[in-house]
Amino acid sequence: MCGIVGYIGERDATPLILGGLKKLEYRGYDSAGLAVLKNGQIEVRRNAGKLVNLEMNVCEQPISGTLGIGHTRWATHGEPSARNAHPHLSGSGEVVVVHNGIVENFIELKEELVTEGVVFQSDTDTETIVHLIEKFLSVTGDLESAARKALGQLKGAHGIVVFTSREPDKIIAARIGNAGGVVIGLGEGENFIASDIPAILEHTRKLIFLESRQMAVVTREDVHISTIEGTVIHPQVSSVAWDPVSAEKGEYRHFMQKEIHEQVRSLTDTLAGRVNFKEGTIRLPQLNLTVEKAKEVEKIVLTACGTASHAGMVGRILIERIAGIPAAMEIASEFRYSDPIVNDKTILIAISQSGETADTLAAMEEGRRKGATIWSIVNAIGSQAMRVADGSISMQTGPEIGVASTKAFTAPLVDLYMLAILLADLRGDLSVQERKKLVEDLRLIPELAGRCLDREGEVEETAYLLRESKDMLYLGRGINMPIAYEGALKLKEISYIHAEAYPAGEMKHGPIALIDENMPVVAIAIKDPWYEKMISQIEQAKARGGIVVAVATEGDERVAALVDRVLWVPEAPWMLSPVLTSIPLQMLAYHIATMRGLDVDQPRNLAKSVTVE
Ligand code: F6R
């Protein structure tokens with residue numbers, strides 16, 4: 001959840017670290033800090049609040065040096081404040097650490113250290129790490145062995161970066177478990193460390209991803225990787241094609257708005273190289289899917305958190321309808337505690353933008369333990385969910401920076417649709433005509449998404465009417481029921497308006513009691529197989545004085561006559577309609593939040609990548 005950046009080279013580390021932290025601020029933003037080695041001494045600057053406070057601090061009291069580390073924090077232990085911000089220094093001031101994760105046994109470790117006379121300066125669990133390393137440094141005499149010993153004592157999952165003024169030519173980085181990534185960026189006479197690729201992308205695209213229980217000793221000229229236990233590793237160097245410019249806001253006010261508008265491109269890229277419209281075929285080579293494998297599958301389990309889980313809910317319907325394979329969507333944080341019925345005839349598909357969500361990774365481990373084939377649909381290239389899966393679909397959306405996920409929601413909807421077609425085809429369940437029709441339906445999707453985006457002005461007008469709401473209700477049915485959940489989640493997380501979503505047919509079983517003129521209802525009532533049912537639910541809401549905003553198919557006068565406002569989407573095959581119906585709801589949440597003066601890219605209490613349980 002926190003962001004980490006490190007640099008060692010010939011350039012001034014401070015602006016490089018601040019620049020990297022800026023790109024990672026979306027990961028956590030309650031405090032930030034950096035430590036630089038200057039004339040043999042470690043100098044630290046830390047501030048509560050957003051990164052800009054740290055930038056001001058560094059402006060007023062400049063520090064420079066050619067080796068340094070930085071951190072943006074999302075608090076777990078200890079309130080967000082300057083004293084709890086990272087980096088943390090050892091008692092002597094000779095060792096400094098930044099950390100992502102939770103030291104689960106920090107109370108025991110802290111008690112032991114306090115008994116030995118260590119004085120703690122913060123309330124964080126992280127501080128135990130720096131004191132432990134200093135303690136072992138006085139025994140081993142070198143940072144590498146001291147770090148190995150200290151890491152051996154930590155319980156939980158961690159990404160850690162440390163250096164000492166006693167060895168001014170190196171930084172050590174380590175990863176244990178799934179507390180977020182640790183990536184080493186290779187330069188010429190300089191090297192970088194980060195928790196997330198965008199932080200260093202403008203400097204290098206040659207990357208080494210640390211696996212769990214691996215450690216990197218990073219000098220200006222070299223990177224040596226080994227296990228925590230000391231076995232030498234010869235890592236694979238990956239090359240990342242992401243364009244650094246796509247990690248900038250450009251002409252847009254917020255990353256979220258830019259990413260909403262990038263959906264035409266991201267959907268086009270999702271199809272590129274995978275769909276052959278002429279032959280009506282789908283290619284997903286990174287899944288390594290064979291006819292035998294497709295035929296032996298008895299069950300598909302989709303697992304994910306938050307927005308990605310809503311994509312999974314749509315995916316469940318697509319897989320059952322198109323491929324005829326029983327499918328379930330399991331919330332990742334529940335999955336591993338539910339003793340799931342999963343075996344070697346099951347494919348478990350994890351969906352994750354970051355590929356580092358702790359609960360999703362744990363669900364993948366649980367599926368693996370039970371013998372399932374593990375696939376992932378992931379956006380962040382090189383992330384853990386991509387690396388540990390047996391097969392993977394890369395979302396092709398480019399970096400998603402806004403905390404509220406948008407383009408990384410619509411891309412997996414298309415991925416799952418393509419996957420369902422491929423499975424059905426390999427199992428021999430589709431005629432050539434059926435397959436060609438399903439594939440052909442994909443052709444116009446990017447263009448239709450563009451038509452939804454063209455209606456932003458109308459959505460903005462509706463947002464204006466709803467901007468002061470206290471509560472809102474989102475209704476949908478069938479394949480658009482998950483889109484009601486997704487619309488409500490978008491609204492809650494960035495506008496702080498209480499929103500609930502319901503399968504519309506459930507209204508009469510209780511929630512209809514909530515409807516009055518103060519409870520606007522957003523109803524997805526497009527021309528899909530559930531259309532007539534949605535009309536009657538809208539009528540029921542109107543009969544109780546509700547203000548109804550409908551997401552409706554262009555030209556549908558019947559819905560227009562019934563409701564207070566319409567968010568129009570173009571007509572599309574119903575199985576692909578969620579790609580379109582989600583877009584006006586993303587824009588609605590965005591505009592309501594900005595009209596309320598809120599920071600939509602960094603909503604309170606949230607972090608982009610949730611690497612704690
Ligand atoms: C909401 C949102 C979150 C994420 C969830 C899973 O807009 O972004 O609900 O969808 O935290 O994250 P990933 O997809 O990175 O696993």
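A few points about this structure:
- Those helices (runs of 4 or more DSSP H) of region 252-309 in which 3 or more residues are more than 16 Å from the ligand (Cβ to nearest atom) and closer than 24 Å to P446 by Cβ occupy 263-271.
- When restricted to residues that are modelled with pLDDT of 95 or more, in contact with an Asp or Glu (Cβ under 8 Å, 6 or more places away or on another chain) and either of a type in the set (D, E, K, R) or away from the ligand (no atom under 14 Å from the Cβ) (or both), region 310-341 contains 5.
- Looking only at region 418-459, residues that are surrounded by fewer than 20 Cβ atoms within 10 Å (Cβ to Cβ) and farther than 15 Å from V569 by Cα come to 13 in all.
- Counting only helices (runs of 4 or more DSSP H) that sit completely within region 439-533, those holding 1 or more residues that are of a type in the set (V, I, T) and within 23 Å of R558 (Cα to Cα) correspond to 456-466, 481-495.
- Boolean, G382 is more than 25 Å from G487 (Cβ to Cβ) and at pLDDT 95 or above: no
- Residue in region 242-258 that is of a type in the set (V, I, T), touching a helix residue (DSSP H, G or I) at 6+ places or on another chain (Cβ under 7 Å) and farther than 30 Å from S145 by Cα present: no
- Verdict on E60 being at pLDDT 95 or above and of a type in the set (D, E): no
- Residue in region 534-544 that is away from the ligand (no atom under 16 Å from the Cβ), among the basic types (K, R) and touching a helix residue (DSSP H, G or I) at 6+ places or on another chain (Cβ under 6 Å) present: no
- Just so you know, in region 409-434 the residues that are of a type in the set (G, A, S) and in contact with a Leu (Cβ under 9 Å, 6 or more places away or on another chain) include one that is nearest to the ligand (Cβ to nearest atom), and it is A411.
- Candidates A389, A350, filtered to the one that is free of Cβ contacts under 8 Å to residues at least 40 places away in the same chain, under 21 Å from A327 (Cα atoms) and small (G, A, S): A389
- Selection count where residues are of a type outside the set (S, T, Y) and farther than 9 Å from R46 by Cβ, scope region 74-87: 6
- Some residue of region 40-49 being at negative phi, not hydroxyl-bearing (S, T, Y) and not in a strand (DSSP E or B): no
- Some residue of region 182-194 being within 21 Å of the chain's Cα centre (by Cα), without any contact (Cβ under 8 Å) to a residue 40 or more places away in the chain and part of a loop (DSSP other than H, G, I, E, B): no
- Flag if T410 is farther than 25 Å from A350 by Cβ and among the polar types (S, T, N, Q): no
- Looking only at region 409-453, residues that are of a type in the set (G, A, S) and within 29 Å of the chain's Cα centre (by Cα) come to 4 in all.
- Some residue of region 144-166 being buried (at least 24 other Cβ atoms within 10 Å of the Cβ), touching an Asp or Glu at 6+ places or on another chain (Cβ under 7 Å) and small (G, A, S): no
- A Cβ distance below 8 Å, combined with a sequence gap of six or more or placement on separate chains, defines the contacts here; from region 304-323, residues that are touching a residue at least 12 places away in the same chain (Cβ under 8 Å) and assigned by TED's automatic domain parsing to the domain that holds R427 reach residues that are of a type in the set (D, E) and within 14 Å of the ligand (Cβ to nearest atom) in the pairs C305/D359; T307/E486; H310/E486.
The values are calculated or read from the model by the stated rules, or taken from the named source; none is laboratory data. All figures in this text were calculated on a predicted structure; none of them were measured in a lab. Heads up, the Cβs are rebuilt from the backbone with ideal geometry, glycines too, and the neighbour counts pull from every protein chain shown.
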